[in-house]
Amino acid sequence: MSYSKVTKKGQVTIPSTMRKKYRIAKGATVAFEETSEGLLIKSLPDIVDSAGKLSMYARADEVLKDVLKKRKDEAFR
């Protein structure tokens, strides 16, 4: 098990072994989820890369706008 202290700004450092294992790079987005066992941190895929792959179905800016709106709506549930 790895440990990290919380700074006065509420920040924590994810241990480098975990960042490498889960491919969490500088600027990556992570999500926080409450579970019965505590706090779960999940790495999220880069939505800009995902939008590029979907370009044959819709414009990237439209896809990004829709994805961000859905994430915001889900966060407030």
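The values are calculated or read from the model by the stated rules, or taken from the named source; none is laboratory data. Just so you know, these numbers come straight off a predicted model, no measurement behind them. Reconstructed Cβ throughout: ideal geometry from the backbone, glycine too, with neighbour counts over all protein chains shown.
Looking for whichever is at pLDDT 85 or above and either assigned to a loop (DSSP other than H, G, I, E, B) or surrounded by 10 or more Cβ atoms within 10 Å (Cβ to Cβ) (or both) here; the options are 55, 2. Which one fits?
2
Would you mind stating whether residue 72 is at pLDDT 85 or above and either out of contact with any Leu (no Cβ under 6 Å at 6 or more places or on another chain) or polar (S, T, N, Q) (or both)?
For residue 72, the condition - at pLDDT 85 or above and either out of contact with any Leu (no Cβ under 6 Å at 6 or more places or on another chain) or polar (S, T, N, Q) (or both) - is not met.
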